[in-house]
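Read through the structure below, which is laid out as structure tokens, and then see the notes.
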Amino acid sequence: RRLRQEGGHGVLAEKILKKFEAGRDYIVDSIRNPAEVEVLRSHADFILINIEADEKVRFKRCCERARENDPVTLEEFIRLENAELRNADQAAQQLLATAELADIVMQNNGSIEDLKKKIDAVLGHLRP
């Protein structure tokens, strides 16, 4: 948030674009602000894929990773997640507004292997 406040809401995407080399493909994850999408869309071949999973699936995965500050109840998980979905502070995470800009929506309620197959299929259609 501090970086967005100081450098503009798209600053993280601007930093990423500086590292791109012509003629190469890149995957950028954790795009969390519509201004980042706007900056990345300046790259001619940019496609935003929103990967979604059901709430209970996301909570189960959160519990399995067991990070120190992760919520331990579904209610707490929902409360924290809702704070990231919408925020009046435009420099904050704006997950819903960002997801609405997606070119492709992909469901991720299965295994990591299932997700990899879906990603490979999408990428196969996108590459010439």
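A short reminder: the numbers here are calculations on the coordinates, not readings from a lab. Computed from a predicted model, the values in this text were never measured in an experiment. FYI the Cβ positions are ideal-geometry reconstructions off the backbone, even for glycines, and counts take in every protein chain you see.
For the stretch 77-128, treating each Cα as an identical point scatterer without solvent, what Debye log10 I(q)/I(0) comes out at q = 0.15, 0.22, 0.26 1/Å? Log-scaled intensity ratios, in q order: -0.62, -0.90, -0.97. Applying both filters, DSSP loop and at most 15 other Cβ atoms within 10 Å, to the trypsin sites (Lys or Arg not before Pro) of the stretch 13-104 gives Lys18, Lys19, Arg24, Arg41, Arg67, Arg86. For the stretch 1-60, GluC sites (Glu not before Pro) meeting the loop criterion (DSSP other than H, G, I, E, B) and having at most 10 other Cβ atoms within 10 Å: Glu21.
Would you mind checking the stretch 1-32 for residues with the amide N under 14 Å from a putative spin-label position 7 Å along Cα→C-beta of Val122? Residues 26-31 fall inside that zone.
GluC sites (Glu not before Pro) within the stretch 60-128: which are DSSP loop residues with at most 15 other Cβ atoms inside 10 Å? Those satisfying the criteria are Glu68, Glu100.
Stokes-Einstein D for the chain at 10 °C, 1.306 mPa s, Kirkwood Rh over Cα pairs, in µm²/s? Roughly 97 µm²/s, to the nearest whole number.
Near Val122, once Lys and Arg are set to +1 and Asp and Glu to -1 for all other residues with Cβ below 12 Å from its Cβ, the sum equals +2.
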